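Worksheet: one structure, shown below.
The values are calculated or read from the model by the stated rules, or taken from the named source; none is laboratory data. These figures come from a predicted structure and were not determined experimentally. Here the Cβ positions follow ideal geometry from the backbone for every residue, glycine too, while neighbour counts run over all protein chains shown. SASA here: full protein model, heavy atoms, side chains in, ligands and nucleic acids out. Shrake-Rupley method; radii C 1.70, N 1.55, O 1.52, S 1.80 Å.
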Amino acid sequence: MSKAILLDKKLQQSSEIALPERYTQIKEHNLYLYVKSYLASLRANNARAKKRGEVSGGGKKPWNQKGGGRARAGSITSPVFVGGGVSHGPSNDRNYNLKINKKQKRLALECALYQKTQEGKLFVVDSVAMPSGKTKDAYAMFKALKQRSTLFVAQMSDEPTFLAFRNLQQCYLADANELNAYLVAAFRSVVIEKAVFDEIIADKKGE
């Protein structure tokens, strides 16, 4: 059974918290679909090229149909001319969004958390709050974990805590309502407040 590591105030392991058995039965494909959908939603979709009907010019036939020894041409807006339209170019009217339902989103998050427990990278603490608002205090907490990168999850972060973590490149502070499978999968380790963790692993089959 996979277990999250419970840390005390000194960030030392005090005990472990087991994930529900149903986490072991979740297919990784749910996580794949969510990450694919999440990244697709970030696409700017602003690449665009003009077609032959949108470029300027083309009101006059470039040269006579016959007698010039050249191939016939009807308009300089043709893609074969420099400055002409682009054939099969990018268009910004494409919709890259991929639909994923609520159940799959939850399964993806649970799968991502399960993978972190398999790696021993899911930590549970009472609080990640930084009342001092100092970056050095947040950095000290991060260094104590000895991880390459860490996602910190709070129930509801206040301004001092936000300011403390804001400038740390290897860390990211997320509120409970912002937590998703992509964030969990993107960081090497996750530190989550116990109140948030208990809410996530609660059985919600009745929804």
Open item on the list: Every residue in region 147-163 that is charged (D, E, K, R) and within 21 Å of residue 197 (Cβ to Cβ), please.
Closed with: 158
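Looking at 162, 152, can you tell me which residue is hydrophobic (A, V, I, L, M, F, W, C), modelled with pLDDT of 95 or more, assigned to a helix (DSSP H, G or I) and under 21 Å from the mean Cα position of the chain (by Cα)?
On the way: 152 fails: assigned to a helix (DSSP H, G or I).
Just one listed residue meets the conditions, 162.
Checking the structure you have, find out if any residue of region 25-48 is in contact (Cβ under 8 Å) with a residue 24 or more places away in the chain, assigned to a loop (DSSP other than H, G, I, E, B), open to solvent by 80 Å² or more (accessible area, probe 1.4 Å) and in contact with a Gly (Cβ under 8 Å, 6 or more places away or on another chain). Steps first, answer last, please.
So in region 25-48, the residues in contact (Cβ under 8 Å) with a residue 24 or more places away in the chain come out as 26-28, 30-31, 33-41, 43, 45-48.
Of the ones still in play, those that are also assigned to a loop (DSSP other than H, G, I, E, B) are 26-28, 43, 45-48.
Remaining after also requiring open to solvent by 80 Å² or more (accessible area, probe 1.4 Å): 27-28, 43, 46, 48.
Among the residues that remain, those that are also in contact with a Gly (Cβ under 8 Å, 6 or more places away or on another chain) are: 48.
There is at least one residue in region 25-48 that is in contact (Cβ under 8 Å) with a residue 24 or more places away in the chain, assigned to a loop (DSSP other than H, G, I, E, B), open to solvent by 80 Å² or more (accessible area, probe 1.4 Å) and in contact with a Gly (Cβ under 8 Å, 6 or more places away or on another chain).
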Task: region 107-129 residues that are in contact (Cβ under 8 Å) with a residue 40 or more places away in the chain, paired with ones that are charged (D, E, K, R) and open to solvent by less than 10 Å² (accessible area, probe 1.4 Å) (beta carbon under 8 Å, 6 or more apart) - done: none
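So which of 15, 2, 56, 78 ends up being free of Cβ contacts under 8 Å to residues at least 40 places away in the same chain and in contact with a strand residue (DSSP E or B) (Cβ under 8 Å, 6 or more places away or on another chain)? Break it down stepwise before answering.
Values: 2 fails: free of Cβ contacts under 8 Å to residues at least 40 places away in the same chain; 56 fails: in contact with a strand residue (DSSP E or B) (Cβ under 8 Å, 6 or more places away or on another chain); 78 fails: in contact with a strand residue (DSSP E or B) (Cβ under 8 Å, 6 or more places away or on another chain).
None of the others qualify; the one that does is 15.
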TODO: Give me a count of the residues in region 152-172 that are aromatic (Phe, Trp, Tyr) and out of contact with any helix residue (DSSP H, G or I) (no Cβ under 8 Å at 6 or more places or on another chain).
DONE: 1
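In region 98-140, what residues are under 30 Å from residue 45 (Cβ atoms) and in contact with a Ser or Thr (Cβ under 6 Å, 6 or more places away or on another chain)?
Going through region 98-140, the residues under 30 Å from residue 45 (Cβ atoms) turn out to be 98-109, 111-112.
98, 100 - these are the residues of region 98-140 that are under 30 Å from residue 45 (Cβ atoms) and in contact with a Ser or Thr (Cβ under 6 Å, 6 or more places away or on another chain).
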Task: Subset tally (residues that are without any contact (Cβ under 8 Å) to a residue 40 or more places away in the chain and not aliphatic (A, V, I, L, M)) for region 171-193 - done: 6
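For (1) of a type in the set (Ser, Thr, Tyr); (2) in contact with a Leu (Cβ under 6 Å, 6 or more places away or on another chain); (3) loosely packed, with under 14 Cβ neighbours inside 10 Å, each residue gets a yes or a no:
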site	(1), (2), (3)
123	no, yes, no
127	yes, no, yes
130	no, no, no
146	no, no, yes
156	no, no, yes
164	no, no, no
171	no, no, no
189	yes, no, no
